[in-house]
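Novice: Encoded as structure tokens, here's the structure I'll be asking about.
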Ligand SMILES: Nc1ncnc2c1ncn2[C@@H]1O[C@H](COP(=O)(O)OP(=O)(O)OP(=O)(O)O)[C@@H](O)[C@H]1O
Ligand SMILES: [Mg+2]
């Protein structure tokens, strides 16, 4: 077990690609850290640098306080689980799991015992004499995990370990991974593409974009207090709604009505170089059917009317899709996020809103409905650099903060 | 495969085709085998199955020093050339498949060039070179050109096999604590084994069957190989027909190849890498 520190770590490939740029990250002993971001943002490269499979171009990597930049993978005592599992096809499950121990020259009895233990934890005991070719995807995945845990390494690195499994198995394995990590208390760095894995597994999440870290923090904090447009759009499913907002004196003009501004924002936006256009971000759950909002809360938000397109009743709540007339929010970050999820427009296209209303709402498709949204929960972003303007000392305070 | 391929009619069609191919390939071989068992008198009687069986032809070839020496030369030269070509080829192919080094394209290009070069045009220069280097009519004098001309083949076959082995396996081995050498020996090499054996067979057959270099670069029994020795076969006397003896020798020299292939074929199991990675 160990702490891992990345100190301004960068990676540039011989062809000039800068895959990772000045990453600073301190991973505490026993911590479970998730690296997440769109395809090609440098997650695997970062992981491979920690593993020692890629050279570090600049910066320093320290494990347990020791600089390990120039150490071979075998001298770092770190285990890795690959997306492809990378099981040795010529060896049985038992031999696969014993391989690291045999390389470490442990005696036969110890190896037997450790393999048996790991197999028991991962429920692999009946499969020990099979070859990987005769295992199911989930079983292969467990063997890969087994091979990582047998030698009790200082840290685990996992590169999208569950992405090859089908949805159901993935949920199941997610809890296995989580339980295993808690049980062993081993420092873990986990790369994923998957929202849910990022939100549920880790103690802290690192969001990367184009090789640079965007924000680091516990999942809930990233969700509630995104530092920028990219993080806001990346975390959350369905994702945050983004609308174009024009700055006017004391208020913002948007497709969902005028948004009043608190003192702090007004002061900030009064500056010479302040942006005249902003992007308004509202999470789906911060909308509500105007008829269901009590008098007390009503004052904290504002209302608007819009035609309802689709209603999806989930039982516990209703997802309601609406169209509002108005300009579509545009920023480089949003394009990138849209490209990553494979949609042509982010946040539901031109000015489409996704809202999550209470189940009691009587909203019906085709009608015009009055909706309310919470001004304390909205975010405002500077489209030029994506910065979250509502964030004050790391906390988002909505539009009205004074 | 479509369902129609497994119908009875299709089975018959394929079966018939297989028989035709096998007969076509085997009849000349069997004919030679048959000739080798015939007596001089019945040699030309045109029977497929010999009327009078004899082992005289075999006795003859093994009683002449000429053939036994040639057999020894053939085995020695082919085995050494194969071993060296496979070892060098493995290393080169591994580099070609795995590394991005300067001059990689040139290396591949040059080896392609060698493979395509008409060997006949190289015989005279090689003859001159070997004579001035003192390699003419020696084992190395044949082993060296065999290695040269089989290496491209070896590199191509082997790099195709190496490319099939998932990169991740090697990374996994390194993470598991293996040195590069250990990763190669314990993970990559076992998986590349079918490729190595296939290559070994191909190279061995090439060396074993070569006639062109063997006849041009040798002059005595010291290093003459069997294909050449066969062409020098004469009967006991000028009037004796050596056909029977040549056939017997031909049968004898196919045996090592069959053994070699059978021995290695068991190791050429396909799908050895399945299960390593998903998909
Ligand atoms: N060997 C290489 N040479 C040049 N560029 C590379 C190399 N390997 C990766 N890259 C580039 O570095 C960037 C980061 O790659 P990386 O594999 O770390 O992405 P990732 O975040 O893991 O993406 P994914 O989610 O698709 O796995 C990419 O733009 C990629 O094209
Ligand atoms: Mg990756």
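Novice: Express in nm, to one decimal, how much length is gained between residue A:55 and residue A:166 on full extension, taking 0.36 nm for each residue of separation and deducting their alpha carbon distance.
Specialist: Result: 36.6 nm gained on full extension.
Novice: Sorted from largest down, give the three principal axis spans of the alpha carbons of the range A:30-92, whole angstrom values.
Specialist: Ordered largest first, the range A:30-92 gives principal extents of 38, 31, 26 Å.
Novice: Still on this structure: At a Förster radius of 45 Å, what calculated FRET efficiency corresponds to the Cβ-Cβ distance of residue B:105 and residue B:62, to the nearest 0.05? Walk me through the intermediate numbers first.
Specialist: Working: r = 51 Å, r/R0 = 1.14.
Efficiency computed from Cβ-Cβ geometry: 0.30.
Novice: Could you pull the Rg and Dmax for the range A:4-224, using just the Cα atoms, both in Å?
Specialist: Taking only Cα atoms of the range A:4-224, I get Rg and Dmax of 17.2, 52 Å.
Novice: How crowded by other chains is B:160-169, given as the mean number of beta carbons from other chains within 10 Å of each beta carbon?
Specialist: 3
Novice: Rounded to the nearest 0.05, what FRET efficiency do residue B:30 and residue B:113 have when you use their Cβ-Cβ distance and R0 = 45 Å?
Specialist: Working from the Cβ atoms, E equals 0.65.
Novice: Please say if chain B is rounded, prolate or oblate, where rounded means a/c under 1.5 for a ≥ b ≥ c the square roots of the C-alpha gyration tensor eigenvalues, and otherwise the choice is prolate for a/b larger than b/c and oblate otherwise?
Specialist: It comes out oblate by the Cα gyration axes.
Novice: Then there is this: Which of B:222, B:69, B:186 moves most in a GNM of chain B, Cα contacts under 10 Å?
Specialist: B:186
Novice: Could you state the angle between the C-alpha long axis of helix A:108-121 and the longest principal axis of the C-alpha atoms of chain A, as a value from 0 to 90 degrees rounded to the nearest 10?
Specialist: The angle comes out at about 30 degrees.
Novice: Based only on Cα atoms, what mean projected area does the convex hull of the range B:1-54 have, in nm²?
Specialist: 5.0 nm²
Novice: Still on this model: Per the Kirkwood formula on distinct C-alpha pairs, the Rh of the range B:107-219 is how many angstrom?
Specialist: In the range B:107-219 this quantity evaluates to 16.2 Å.
Novice: Once you keep just the Cα pairs under 8 angstrom separated by 6 or more residues, what percentage relative contact order results for the range B:1-54?
Specialist: Normalised by residue count, the contact order of the range B:1-54 is 24 percent.
Novice: Quick check: residue separation of residue A:104 and residue A:384 times 0.36 nm, minus the Cα distance between them. What number comes out in nm?
Specialist: 95.5 nm
Novice: Using a 10 angstrom cutoff on alpha carbons, build the Gaussian network for chain A and name the most mobile of A:36, A:256, A:363.
Specialist: Checking each option, the largest mean-square fluctuation is seen for A:363.
Novice: Given a Förster distance of 60 angstrom, what is the FRET efficiency for residue B:98 paired with residue B:44, based on the Cβ-Cβ distance and rounded to 0.05? Intermediate results must be reported in sequence, preceding the final value.
Specialist: Numbers: r = 59 Å, r/R0 = 0.98.
The computed FRET efficiency comes out at 0.55.
Novice: Can you pull a Stokes-Einstein diffusion coefficient for the range A:170-233 at 4 °C (1.567 mPa s), Rh from Kirkwood over Cα pairs, as a whole number of µm²/s?
Specialist: Translational D for this selection: 103 µm²/s.
Novice: By count of other Cβ within 10 Å, fewest leading, how are A:312, A:295, A:26 ordered?
Specialist: Values: A:312 11, A:295 6, A:26 14.
So the residues, fewest neighbours to most, are A:295, A:312, A:26.
Novice: Relative contact order of the range A:282-330: what whole-number percent is it, with Cα pairs under 8 angstrom and at least 6 residues apart? Could the numbers behind the result be given before it?
Specialist: Working: 26 pairs, mean separation 11.9, N = 49.
About 24 percent, as a whole number.
Novice: Something else: Looking only at other chains, what is the average number of their beta-carbon atoms within 10 angstrom of each beta-carbon in A:77-85?
Specialist: Working: counts 1, 1, 4, 6, 2, 9, 3, 10, 8.
Counting other chains' Cβ atoms within 10 Å and averaging over A:77-85 gives 5.
Novice: To check my understanding: the extent here is largest minus smallest coordinate of the Cα atoms along each principal axis. What are those three numbers for chain A, in Å, largest first?
Specialist: Largest first, chain A extends 75, 47, 38 Å along its Cα principal axes.
Novice: How large is the helix-only mean residue ellipticity at 222 nm for chain A, computed as the sum of -39500 (n - 2.57) over DSSP H runs with n ≥ 4, divided by its residue count, in deg cm²/dmol to the nearest 500?
Specialist: Helices in chain A give a 222 nm mean residue ellipticity of -7500 deg cm²/dmol.
Novice: Would you calculate the convex hull of the Cα atoms in the range A:239-396 and tell me its volume per residue in Å³?
Specialist: Normalising the Cα hull of the range A:239-396 by residue number yields 123 Å³.
Novice: Using a cut-off of under 19 Å, list every residue of the range A:198-217 whose amide N is near the label point 7 Å from the Cα of residue A:26 along the Cα-to-beta-carbon line.
Specialist: Answer for the range A:198-217: A:203-207, A:213-217.
Novice: Here's another thing I want to ask about it. In terms of the Cα gyration tensor, with a ≥ b ≥ c the square roots of its eigenvalues, is the range B:177-234 rounded because a/c is under 1.5, prolate because a/b exceeds b/c, or oblate? Provide the component values of the computation, followed by the final result.
Specialist: On the way: a/c = 5.52, a/b = 3.42, b/c = 1.62.
Note, shape of the range B:177-234 comes out prolate.
Novice: Now for a separate question. I want the antiparallel fraction of DSSP beta bridges within the range A:1-157, as a percent rounded to 5.
Specialist: Looking only at bridges with both residues in the range A:1-157, the antiparallel portion is about 80 percent.
Novice: Using just the alpha carbons, could you tell me how many Å³ per residue the convex hull of the range A:200-239 encloses?
Specialist: Details: hull volume 2.7 nm³, N = 40.
Hull volume normalised by residue count: 68 Å³.
Novice: Hey, another quick one. Helix A:167-184 sits at what angle to the longest principal axis of chain A, using alpha carbons and giving 0 to 90 degrees rounded to 10?
Specialist: The angle comes out near 70 degrees.
Novice: What does the average come to when, for each residue of peptide A:122-132, you count the partner chain Cβ atoms lying within 10 Å of its Cβ?
Specialist: 1
Novice: Against the longest alpha carbon principal axis of chain B, how many degrees, from 0 to 90 and to the nearest 10, is the axis of helix B:104-116 turned?
Specialist: Helix B:104-116 sits roughly 10 degrees off the main axis of chain B.
Novice: Looking at the protein assembly as shown, I'd like the Rg to Rh ratio, where Rg is from alpha-carbon atoms and Rh is Kirkwood's inverse mean 1/r.
Specialist: Values: Rg = 36.9 Å, Rh = 31.5 Å.
For the protein assembly as shown, the value is 1.17.
Novice: Another question, then. Please say if the range A:175-326 is rounded, prolate or oblate, where rounded means a/c under 1.5 for a ≥ b ≥ c the square roots of the C-alpha gyration tensor eigenvalues, and otherwise the choice is prolate for a/b larger than b/c and oblate otherwise? Please report the intermediate quantities before stating the final value.
Specialist: Working: a/c = 2.39, a/b = 1.47, b/c = 1.63.
Oblate shape, in that a/c is at least 1.5 and b/c is the bigger or equal ratio.
Novice: Return the percentage of antiparallel bridges among DSSP beta bridges fully within the protein assembly as shown, rounded to the nearest 5 %.
Specialist: 80 percent
Novice: Under 10 Å, Cα contacts only: if you run a Gaussian network model on chain B, which one of B:196, B:19, B:120 comes out with the highest mean-square fluctuation?
Specialist: Ranking B:196, B:19, B:120 by mean-square fluctuation puts B:19 first.
Novice: Take every Cα pair under 8 Å in the range B:63-265 that's 6+ residues apart, average their separations, divide by the length, and report that relative contact order as a whole percent.
Specialist: 35 percent
Laboratory data are not the source of any read-out in this text; all were calculated from the coordinates shown. Remember, it's a predicted structure, so these values are computed and weren't measured experimentally. Because the Cβ atoms are built from the backbone with ideal geometry, glycine has one as well, and the counts that use them run over all protein chains shown.
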